[in-house]
Amino acid sequence: SFSYNTAVKEVREEIEKGYCPPLIQGAETIENAEVVFIGSPNWLKTFAPPVLSFLRTVDLSGKTIIPFCTHGGGGFGRMIEGYKKECKNSIIKDGIALKGDYSFDELKTWLDSNL
């Protein structure tokens, strides 16, 4: 929707229903990856519905997941709990929550000290 309030209402309904939109299949494969970065904006304290679709359609068993998000003040919200629920056979790292006005230096510092 082009109306912010209507869009928030629509997203809230989708999240509450556990809606998983269909994803377009790409040529990328992650079956040989050991570490997977998964990111989302913080939408109502959780990840966006397309990320839930990804988590439910891709086998991430045995992989290390490094979550990241953008937010307006809510940090990860309940995302980490959501990752742990959806990826029970994966290792979930702390990741990074970047507030909308973050600087590239903040991200670079985190990457340099965590990878």
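The values are calculated or read from the model by the stated rules, or taken from the named source; none is laboratory data. This one's a predicted model, so the numbers in the text were calculated from it and none came from an experiment. Every residue, glycine among them, receives a Cβ derived from its backbone with ideal geometry; neighbour counts consider all protein chains shown. Ligands, DNA and RNA are stripped out before the accessible areas are found, and what is left, the full protein with its side chains, is counted by its heavy atoms. Shrake-Rupley method; radii C 1.70, N 1.55, O 1.52, S 1.80 Å.
Placing one equal scatterer on every Cα of region 34-115 and applying the Debye formula, the log10 ratio I(q)/I(0) at q = 0.16 Å⁻¹ is -0.58. How large a share of the accessible area of the chain, in percent, is made up of carbon and sulfur atoms when the probe is 1.4 Å and the other protein chains stay in place? That share works out to 53 percent.
Each residue, ASP59 and ASN114, gets one label point 7 Å from its Cα in the Cβ direction; the gap between the two is 2.8 nm.
Can you list which of the trypsin sites (Lys or Arg not before Pro) found in region 1-88 are DSSP loop residues with at most 16 other C-beta atoms within 10 Å?
On the way: sites: LYS9, ARG12, LYS17, LYS45, ARG56, LYS63, ARG78, LYS84, LYS85, LYS88; in loops: LYS45, LYS63, ARG78, LYS88.
Listed in order of number, the matching sites are LYS45, ARG78, LYS88.
Note on ARG12/LEU107: beta-carbon distance plugged into 1/(1 + (r/R0)^6) with R0 of 30 Å gives a FRET efficiency of 0.55.
Average accessible surface for the chain: 68 Å² per residue, computed with a 1.4 Å probe over protein heavy atoms with every protein chain in place. Simple spin-label estimate for LYS85 and LYS45 gives 1.1 nm between the two label positions (7 Å along the Cα-to-Cβ direction from each Cα).
Shape analysis of region 1-61 yields a ratio of the Cα radius of gyration to the Kirkwood radius, Rg/Rh, of 1.03. Each residue, LYS93 and GLU28, gets one label point 7 Å from its Cα in the Cβ direction; the gap between the two is 1.6 nm.
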